[in-house]
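Asks: If you scroll down you'll find the structure; I have some questions about it.
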Ligand SMILES: C[S@@+](CC[C@H](N)C(=O)[O-])C[C@H]1O[C@@H](n2cnc3c(N)ncnc32)[C@H](O)[C@@H]1O
């Protein structure tokens, strides 16, 4: 007979697994499509243009549909944009990459932060959007704990999404979103910017920019300090 704790953990794991499956619609050509990506891609691109102009090898963690990847890789052809995600999301990413036919988007790699199977390559930039509130906090810790292994000495890290500051939500809509996440799975939820920054600092990264974005999101940029 499973204990209450075990039942809770099992339900939580199932909800986390469900959250990994990209919420999307499918267009005529059967590619997954997340409308939020269409809305936020240009504001994010403006930040990445400023911070990734001198970068070459980007690893995106939790690429989702792959829409961000094709938009950013097309706009910044100097970058090699490596997509990654859990296995379930790779076919959709492949479909976007195949349609876009860009020279700078290698096939996606399977990367589940739980698997502890990190790429051997070192990247000079890491990008991740809307992932930290979907991952559990131990998964977020694992992601940051691996940064030293997968980045170059001066790598930049760009994370887009909602964050709390000083222990508080930054808007009523973020508070409602946070509540809905925690209802789906108690392990999900909007993260405290200061707690994430502490993980980054422990990994040797210093915060170099914190950009307000539309819809109460932020793009946080850190750089590895040698
Ligand atoms: C809300 S979606 C965001 C997708 C995309 N980055 C975007 O902005 O549209 C959350 C993403 O986090 C990924 N994710 C969740 N848990 C993960 C894990 N343990 N390892 C790697 N990726 C994970 C999901 O597979 C999904 O692609």
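Read the figures in this text as sums done on the coordinates, not as results from a lab. Owing to the predicted nature of the structure, the values given are computational and were not obtained by experimental measurement. A quick note on method: Cβ atoms are made from the backbone with ideal geometry, for glycine too, and the neighbour counts reach across all protein chains shown.
Asks: From Cα pairs below 8 angstrom and at least 6 apart in sequence, can you work out the relative contact order of the chain, rounded to a whole percent?
Replies: It rounds to 18 percent for the chain.
Asks: Per DSSP H run of n ≥ 4, the term is -39500 (n - 2.57); total these for the chain, divide by its residue number, and report the mean residue ellipticity at 222 nm rounded to 500 deg cm²/dmol.
Replies: -13000 deg cm²/dmol
Asks: Could you check what % of the DSSP bridge pairs in the chain are antiparallel, to the nearest 5?
Replies: Numbers: 17 of 33 bridges.
Just about 50 percent of them are antiparallel.
Asks: Further question: What is the range 137-210's relative contact order, in percent, from Cα pairs under 8 angstrom and six or more apart in sequence?
Replies: Computed value for the range 137-210: 38 percent relative contact order.
Asks: For 152, 83, 170, 219, which order do you get if you count the other beta carbons within 10 Å of each Cβ and list the fewest first? Intermediate values should be presented prior to the final figure.
Replies: On the way: 152 15, 83 29, 170 18, 219 23.
Least to most surrounded, the residues fall as 152, 170, 219, 83.
Asks: What is the distance in Å between the Cα centroid of the range 145-166 and that of the range 167-226?
Replies: After rounding, the separation between the Cα centres reads 11 Å.
Asks: If you don't mind, there's one more thing I want to ask. Please list 104-116, 59-71 highest first by mean number of surrounding beta-carbon atoms within 10 Å per residue.
Replies: Final packing ranking: 59-71, 104-116.
Asks: Moving to a separate point now. What ranking do 144, 177 get, fewest neighbouring Cβ atoms within 10 angstrom at the top?
Replies: By the 10 Å Cβ count, ascending: 177, 144.
Asks: Based on the alpha-carbon gyration tensor of the range 4-224 and its eigenvalue square roots a ≥ b ≥ c, which shape applies: rounded if a/c is under 1.5, prolate if not and a/b is larger than b/c, or oblate?
Replies: rounded
Asks: How far apart, in nm, are two points set 7 Å out from the Cα along the Cα-to-Cβ line at residue 46 and at residue 183?
Replies: The modelled label-to-label distance comes out at 3.3 nm.
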